[in-house]
Every structure is written in structure tokens, then in C-alpha cells.
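Remarks on the structure that follows.
None of the figures in this text is laboratory data; all of them are computed from the coordinates on show. Small disclaimer: the values here were computed from a predicted structure and weren't measured. Positions of Cβ are backbone-derived with ideal geometry, glycine not excepted, and every protein chain shown enters the neighbour counts.
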Amino acid sequence: MTIKTVGIAGTGLIGAGWAARLLIRGYDVIAYDVAPAAEAKLRAAIDVAWPSMIRLLNTPKVKKGKLSFTTDLKEMARKADFIHEAAPEREELKIRLFKEIDSYARPDVVIASSSSGFLPTRLQSECANPGRVIIAHPFNPVYLLPLVETVPGEKTSLEAMDRAGKYLDAIGMHVLRLKKEIDGYICDRLQEALWREALHVLDKDIGTTADIDDSIVYSAGMRWAFRVAPAACALSSSSSIPLWSFHGLICAFPNGTRPWRSALSKAARRRLRARPSPRSKPSATTSSST
Ligand SMILES: NC(=O)c1ccc[n+]([C@@H]2O[C@H](COP(=O)([O-])OP(=O)(O)OC[C@H]3O[C@@H](n4cnc5c(N)ncnc54)[C@H](O)[C@@H]3O)[C@@H](O)[C@H]2O)c1
């Protein structure tokens, strides 16, 4: 099936971002929202996004898709070839919305939630056709940032994941396909871990918010823009601190990474104890940066 018209349920920050990304690539968008001023806000958000998208894509002339707006969910769902749900992050609301959209949309239409962390199995739980329900979690601003995490629920079909992947790829997304569901998916879990430590630093009055920013902006952030781990570890290895693996990292920084140890299996902990720490073998090369 060719995807020409994309439906969007919820046209706030994320829904408007999807709409802008689609319109500039020539897709028609049918947007649905319940708020009285939603259409005006949506059009204003697209106007704000447009100049940045033109610069990013380096295409001054584009054949813009057609934007229509409706407060009739059935109309949106019936006309769409693919549907993004971007309503507020409330599970009961999304479950209800999915049930309703599922009852109107053609059976071959994939319905993708923008949720930041809910399990797709829960969102598809009241659908008659749960196989076409997936998570497609984007990042704000959706019209600029390419990553989208796709996550299957227990009843999601492989075909729906494949179809969604192809479409998302065609609209310029970098598709990160999770093998199975987990609360918060991959990206928000990693970001939450950093947040947790940042709050700990503030709570213990160890540093300021500016210090926390600087600690990432001038060091790991530069590396993380390309690779995180273990590739980044390998790049920053020295002969005294071989960080080519998580094992090397844990051995090199036994105190800082102590919480990780409890997450290791018993066998992995035994192997760690058996190996000498890389720090116990100093060599001529001592520079490292983690
Ligand atoms: N804000 C972010 O950075 C971000 C990033 C990734 C994913 N998300 C996820 O995207 C979704 C939307 O977030 P947002 O930041 O755009 O929220 P938002 O509050 O900006 O927009 C939500 C929109 O949904 C509308 N709405 C309310 N009830 C509705 C209903 N029953 N049906 C349809 N629309 C309804 C609201 O009127 C509003 O326009 C959430 O699931 C959120 O977790 C947000």
C-alpha cells in the first residue's frame, strides 16, 4: 500500500512536528485534535518549523503536501494510510483512543503511538486488530531530529513493524527497532539515568546546574554525538586503562561504577574478581579520558 495521506491524532508539540516533517516531504496530512484553538496552533507551529527544515534539507523549492484539520476522529482515521497518535501521555486516554481509531481505520493501516514510555501491549489491549499497533517514539523537535524508536507489543505483527520501518525511513527518520518492549524504551532510559545522577549531584550540593551541563558539553557529549559504548570506550582506551569493553570500564573505575556490579550476573561478577584490575598494571602510557 502506498502511503500518501498520514493521520495525526493530537496536534501539540509532537503532532505538529510530525505534520511539518511530512508536509515538507509532500505527504498529505489529516490532523485531528479536540482543543478549540488546536488548528490555529498547529498552523503556527508549522510556520515556525518551515525555515529550519528548508535550511536543513537544503531544498528551497518543495512541493508541499496538503494539510487538513478535523475534530472528527472517524474522518481522520478513515482517510489515513498511516496514523501517528500524539495525544497527552495518559495511558487510559491512549488505550481508549487506540480502541476507537482501530475501529475506524482500514485494517492495513499501521497505528503508531508517539508515547515516551508506555508499553505497546497495553495500548493495543482493547483493539480488535492489535497486530497493527506499534510505538514510534520520536524526539522533539520531530521536524529536525531523526531518531524514532519503533517498539512491538506482544500482539504486533512483524509485517506492521516492517511497513512502519519503511515509511519512517522514507520520511527521513533513523529507525531504531527494539527487539521487544520495555518501559521507557532505550533512549529515555539512558537519558533518565543521566538525569538521576544530575539530580543526585544537585541534591548533595556537589556542583551547580552549569557544572552538570559543562561536565557533558565539553567532554562525553562530543563523543556521544557519534558513539556511546562500547565503541566510545574503545576510542578512549589507553594501555593503562583499556576501556575496550564494559568489563574494562568496570575494572578501571571500580568505585564509580559500583552500582553496575549488582546488575551483573553471578558468573560475570566471578570473572571480574578473577581478572586483575587494569589499573594495577601501570605502563608508560597513562593518558586517558572517560
Ligand atoms: N514533548 C516531548 O518532548 C515528547 C517527545 C517524544 C514523545 N512525546 C510524547 O508525544 C505525545 C504528545 O506529547 P506532546 O508533548 O505533543 O503533548 P502536547 O500537550 O503538546 O499535545 C497533546 C495534544 O493532544 C491533544 N489532545 C488531548 N486529548 C486528546 C484526545 N483525546 N485525542 C486527540 N488529541 C487530544 C491536546 O489538545 C494537544 O494538542 C505524548 O505521548 C508524549 O509523551 C513527547
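Run the simple label-point estimate for residue 48 and residue 89 please: 7 Å along Cα→C-beta, distance reported in nm.
Here the modelled spin labels are 1.9 nm apart.
Obtain the nm distance between the two label points defined at residue 179 and residue 206 by a simple spin-label model: each point lies 7 Å from its Cα along the Cα-to-C-beta direction.
That separation, rounded to one decimal, is 3.2 nm.
What is the gain in length, in nm to one decimal, between residue 196 and residue 215 on full extension, counting 0.36 nm per residue of separation less the C-alpha to C-alpha distance?
5.4 nm
Report the gain in length on full extension from residue 108 to residue 166: 0.36 nm times residue separation, minus Cα-Cα distance, nm rounded to one decimal.
Length gained, residue 108 through residue 166: 19.4 nm.
Give, in whole angstrom and from largest to smallest, the semi-axes √(5λ) of the equivalent ellipsoid of the range 5-177, with λ running over the eigenvalues of the Cα gyration tensor.
24, 18, 14
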